[in-house]
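The values are calculated or read from the model by the stated rules, or taken from the named source; none is laboratory data. Computed from a prediction, not measured in an experiment: that's the story for all the values here. Cβ placement follows ideal geometry from the backbone for every residue including glycine, while neighbour counts extend to all protein chains displayed. Ligands, DNA and RNA are stripped out before the accessible areas are found, and what is left, the full protein with its side chains, is counted by its heavy atoms. Shrake-Rupley method; radii C 1.70, N 1.55, O 1.52, S 1.80 Å.
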Amino acid sequence: MQRQEIESKVCEVVSRVAQFNNENVVADSDLRDNYGVDSIVLVELLVEIEDIFGITFDSSSLTYETFSTVNSITDYVDNILNS
Amino acid sequence: MIKQMGNVPRYFEPYVNDCFHNAYSAVLLHMGMNPNIILADYLSFMYDCENGYVGVNYFYRPNTTVEFTEDELNTSLEFVYLPPTTLYSQAGVKEVDIRYRDRVHINMFIEDKPDVAYQRLKELLGNGIPVVAAVDLFYMKYHRAYGKEHGLHCVVFTGYNEEEGFFHLFDKYKLSSSDFDGILPIDEVNLGRMSDNPLPGVNATQKRPVRNLWMEISSDKDFKVTEEKLLNVISESCQRMKGQKEVLGHKCGLDAIDLFSKSLLEKKNEKLDDEKVYWYRVYLNGTLKNISRSRKRFSVFIKEISSLLPQQTVPGLCVSLEEASKHWDICSSIALKLGIRKSLDMIDDLVNQLDIIRELESSIVERLEGYLQGRSLIK
């Protein structure tokens, strides 16, 4: 799967769970500040992404420090699917 | 009557664990005190294997009351004394009685006669005293829970205007999506102050009535922060973490982390019913997040007292505390994911994180204890 396709699917999920600005999800914008994705929503979002791509996020990566933007999630998924 | 104070600091720090402390901090700043010191807590951890409750210096448990005993209220906070919750209309002395000169007193008052509670609130505001009081968010127009969900929450009242019928108040506790600073109708807020406040969770019939709860904060005119008491926060932390002191009849610290790990591993073979899913997904997720913040908060305290500590130890201690905080945060996320997936295999991941935390926090305590021994301050 191309990176662009992964990013587009991640944006779709973020757009669905965002508390605001959900029509304008930008890949390098902070998820908490720009879309109201708090720590609970972040984990729910990652679980949904696991199901979409058939992957499992390493438990030690389940922090806001690791996944604060669409880009960081996309990089992680891309690395698993395409490396 | 119109009264309003314009000089109460609006306070929010993301390492402050609950709305009570966040609101107290604003009032403490208004009193000229440093909340990073006054509300500094001991480094610890508690686990009760009987009922699954965890905590730092007391257990986080769903309460059905706002009434607490003196013992329950005073297991944490070196610089604060909390008398037992008092029914205001039955209180012998209406003014705060200073029992400990070396502690700030936070008196929790409840009152089931709304008019009496309202009069007291006006009296305090009229005397230029900002007031921390509890409300049910169901009645707070600015909050996303308004008209949908109940929840006891603390706000800071800074004034009132009876002619136009509104309170001046603020709520800066952004961790619960609050960021309000303005006016709200007196009638509506008073409904929030006397709400029955039904509790969320598996048992939907439980309530935690707000009972017009408010707090009056005061201190002796000669109160001061002493080096002895600052260092006692460190000393007490070492004792609790090393299991040398029981709190509410429970061993704390590193032994409690071991007990928590062992107990989690025993749960791997249990059947997951709704109550257990709720424990992981909601209870552990929220409480482990609180513990994560408490480590950040302790790091802030260490920075505040850095002039008392050997300069070369402070950065290393703060890095370790931040690291411990990160791993408690990961534990919180794993608990949530476990609850969503209903996958008990994830308990292994949780225990792995607890092993890392145990090592980090053991090293933190060793360094703190080494410093105290150097100063002959070990009790």
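Side notes on the structure shown:
- By average C-beta atoms within 10 angstrom, highest first, the peptides B:3-12, B:56-65: B:56-65, B:3-12
- Prolate/oblate/rounded call for the range B:227-378, Cα gyration tensor, a/c under 1.5 rounded: prolate
- The mean number of Cβ atoms from other chains found within 10 Å of a Cβ in peptide A:63-75 is 1, as a whole number.
- The B:Ser218 and B:Lys245 beta-carbon pair, evaluated with R₀ = 30 Å, returns a calculated FRET efficiency of approximately 0.55.
- For chain B, averaging the sequence separation of C-alpha pairs within contact (under 8 Å, six or more residues apart) and dividing by the residue count gives a relative contact order of 19 percent.
- Of B:Asp348, A:Asp78, B:Asp136, the residue with the largest accessible area leads and the full order is B:Asp348, A:Asp78, B:Asp136 (1.4 Å probe).
- Exceeding the 25 Å Cα-Cα cut-off - candidates B:Lys242/B:Lys326; B:Lys242/B:Lys296; B:Lys268/B:Lys296; B:Lys174/B:Lys268: B:Lys268/B:Lys296; B:Lys174/B:Lys268
- Taking every alpha-carbon pair under 8 Å whose residues sit at least 6 apart, the range A:3-81 reaches a relative contact order of 37 percent.
- Computed with a 1.4 angstrom probe on protein heavy atoms, the B-A interface buries about 1300 square angstrom of accessible area in total.
- Subtracting the Cα-Cα distance of B:Tyr15 and B:Lys113 from 0.36 nm times their residue separation leaves 31.7 nm of extension gain.
- Note that the range A:3-81 presents 47 Å² accessible area per residue, ligands and nucleic acids not counted, probe 1.4 Å.
- Accessible carbon and sulfur surface of the range A:3-81 relative to its total accessible area, %, 1.4 Å: 40
- Members of the range B:317-332 that become less accessible by 10 Å² or more once partner protein chains are added (1.4 angstrom probe, chain alone as reference): B:Lys326, B:Asp329, B:Ile330
- Reachable aspartates and glutamates, given that their alpha-carbon falls under 13 Å from the alpha-carbon of B:Lys229 and they are not under 8 places away in the same chain: B:Asp41, B:Glu78, B:Asp102
- Considering only alpha-carbon pairs that sit under 8 angstrom and 6 or more positions apart, the relative contact order computed for the range B:227-378 is 30 percent.
- For the segment A:43-49, counting C-beta atoms of other chains within 10 Å of every residue's C-beta and taking the mean gives 3.
- Measuring nothing but protein heavy atoms, the accessible surface of the range B:227-378 at 1.4 Å probe radius is 47 percent carbon and sulfur.
- The range B:184-233 versus the range B:10-73: alpha-carbon centroid distance in Å: 10
- A simple rule links phi to the HN-Hα coupling: the Karplus curve 6.51 cos²θ - 1.76 cosθ + 1.60 with θ = phi - 60°, which for the range A:77-83 gives 5, 4, 4, 6, 6, 10, 9 Hz, with x for Gly and Pro.
- Here is how the number arises for chain B: DSSP H runs of 4 or more residues each give -39500 (n - 2.57), the sum is divided by the residue count, and the result at 222 nm is -12500 deg cm²/dmol.
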